[in-house]
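Asks: Got a structure for you, questions after.
Every number in this text was worked out from the coordinates using simple rules, so none of it is lab data. Quick caveat, the model's predicted, so the values are computed rather than measured. Here Cβ is always computed from backbone atoms with ideal geometry, including for glycine, and neighbour counts include all displayed protein chains.
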Amino acid sequence: MRSSASRTSDVARVAHVALLGLVSLIIGCDSPAKQEPQPAKAVEVAAPAEPALPKETCPSWAKLDVAKLPELPASPYAVNFEQVWRIVLEKHFDPTLGCQDWPARRLEFGAKLADAKDQTAAYAVMNELLGTLKQSHFKAVPPAETGSLGPARVPVRVRMIDGKAVVVDAAVGGVVSGVPRGAIVTAVEGKPIADIIAKAEGASMGAHEVAAALHGADGAMRQVTFLDPGKGDAEVTRAVKCVMPTGELVTIGNLHDLPTTVSHRIIKGTGVGYLAFNYWMLPLVKRVEAAMTELRAQGMKGLVLDLRGNPGGVGAMSIPVARMLLTQPGSLGKLQFREFAQEFNVAGNADAFTGPVVVLVDEDTASTSEIFAAGLRDLGRVQIYGSRASAGAALPSLIETLDGGGMLQYVVGDYHSSKGAVAEGDGVKPDVVVPETREGFVAGRDAVLDAAVKSLSTGGAAAKVQP
């Protein structure tokens, strides 16, 4: 049986990466225009030849008759397994499912399901099946784990730097944690960080596992052990209260009462505006517009749009925000669904801000944030700064409740930017990579933001980007 921290990790990840889930429902989706068949070109044939054998292609499972499939070995979890397998069969954007023999996968993992001793083990088999697709935004969560402990968390943000869990933000929503910036977290609730991140794939997921361990019910206490840079790296254990993030609450689909924030300011002595928001939710558009209006009224010459930590949201919001920055029409890219394609077309706006723009990304920049950043870069409108690539989780997904109360998040579309870039997997890579160090955070510096502001305010490369 996994620990409560591990179970919370699953739910927290689903909550963060699911936010693009309703994009296909909210954006008006028009079917692509039909292509008229072109007449075949005449070719000169020297002599009759044996007919060529058809090239082997990936079979489409779109018309598979599931009624003819063999029964699976008996298991109390077979109903949910069949639901998961069939939802993917019917709703994935690629009817070939990445050239996989999906019926064979059913038998393979159905046999494993028969050996599952409990619900946790059964859902692990389902997630192993989903893992064969090698895409983000796939997760099956059992009923016992869908009741999240809530969005309350220890008010810190952690990043993996040189294999260490370094505190990069020591306060959240104005609540100070008491754990200093630059501290290295070594354990949570007595569990060593090495154990918490043992199964994480890469530094990004390691940071997510640590963050999940730092979540809890509102007011719950977490024992955080860390190396305190202010005390010569002496190891300190402190009980820290989980707090609810502040902000205007927005509900969408299965995601309830998300605290949304928009912050902006002119960075003193630079003429550079700073704008950040934590989710892509349509009610935020007016607040972002108001922030841009105020920044421009204060003489903003360049803009830093900080999408670090923004896990995504409703794709439709990317269009009006992009329109605040584009005088000419353009496309942020295309989502390919099973039956149609949806283009993120942005109309030109004569009143758009025309100064240079830098977008900041990190490992928590995902989904709509990645579509927005990749799309505007393809249009030559922004430069991207960061210490590393974004999350690489750009595929739109939906969340569906399973029989018995479990939950499945699954992919329904594929994304490519207007120049064919793919954010999924590798993420959006920065144009300018700015190294971050523990020493910098101890000193209270934000190296990525500092580099972007310096370039914008001194006429560097970022200042030369034009719409």
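Asks: Of Phe93, Phe81, how do they rank once you tally other Cβ atoms within 10 Å and put the fewest first?
Replies: Working: Phe93 20, Phe81 24.
Exposure proxy ranking, most exposed first: Phe93, Phe81.
Asks: Oh, and also: Give me the net charge for the shell around Glu289: Cβ to Cβ below 14 angstrom, other residues only, Lys and Arg +1, Asp and Glu -1.
Replies: Once all neighbours under 14 Å are counted, the net charge is +2.
Asks: Considering only Cα-Cα distances, which of the following residue pairs are longer than 21 Å: Lys334/Lys419; Lys68/Lys134; Lys164/Lys231; Lys286/Lys454; Lys63/Lys419? Mind showing how you got there, number by number?
Replies: Numbers: Lys334/Lys419 10 Å; Lys68/Lys134 28 Å; Lys164/Lys231 18 Å; Lys286/Lys454 29 Å; Lys63/Lys419 33 Å.
Too far apart for the 21 Å limit: Lys68/Lys134; Lys286/Lys454; Lys63/Lys419.
Asks: So how much slack lies between Gln298 and Gln336, counting 0.36 nm per residue of separation and subtracting their Cα-Cα distance, in nm? Could the numbers behind the result be given before it?
Replies: Working: separation 38, 0.36 × 38 = 13.68 nm, distance 4.09 nm.
Computed gain between Gln298 and Gln336 is 9.6 nm.
Asks: Once you place label points 7 Å from the Cα toward the Cβ at Arg287 and Lys454, how far apart are they in nm?
Replies: About 3.2 nm, to one decimal.
Asks: Shape of the range 157-241 from its Cα gyration tensor (a ≥ b ≥ c, root eigenvalues): rounded if a/c is under 1.5, otherwise prolate when a/b > b/c, or oblate? List each step's numbers first, then the result.
Replies: Values: a/c = 1.43, a/b = 1.15, b/c = 1.24.
It is rounded, given that a/c, with a ≥ b ≥ c, falls under 1.5.
Asks: Follow-up. At 7 Å along the Cα-to-beta-carbon direction for both Val176 and Ala144, put a label point, then send me their distance in nm to one decimal.
Replies: Distance between the two pseudo-spin positions: 4.1 nm.
Asks: Counting other beta carbons within 10 Å of each residue's own, what order do Cys242, Cys58, Cys99 fall into, fewest first?
Replies: Details: Cys242 20, Cys58 13, Cys99 9.
If I rank by nearby Cβ atoms, fewest first, I get Cys99, Cys58, Cys242.
Asks: What percent do you get for the relative contact order of the range 157-241 when only Cα pairs under 8 Å and 6+ apart count? The partial results should precede the final answer.
Replies: Working: 145 pairs, mean separation 23.8, N = 85.
It rounds to 28 percent for the range 157-241.
Asks: Given the C-alpha atoms of the range 310-420, compute the convex hull and give its volume per residue in Å³.
Replies: Details: hull volume 11.5 nm³, N = 111.
Per residue, the Cα convex hull of the range 310-420 comes to 104 Å³.
Asks: Arranged by the count of other C-beta atoms within 10 angstrom, fewest first, what order do Lys68, Lys91 take?
Replies: Values: Lys68 7, Lys91 14.
Arranged by neighbour count, lowest to highest, Lys68, Lys91 become Lys68, Lys91.
Asks: Please name whichever of Ala207, Ile161, Met221 sits farthest to the positive end of the charge dipole of the range 157-241, dipole taken about the Cα centre and charges placed at Cβ: Lys and Arg +1, Asp and Glu -1.
Replies: Checked the options; the winner is Met221.
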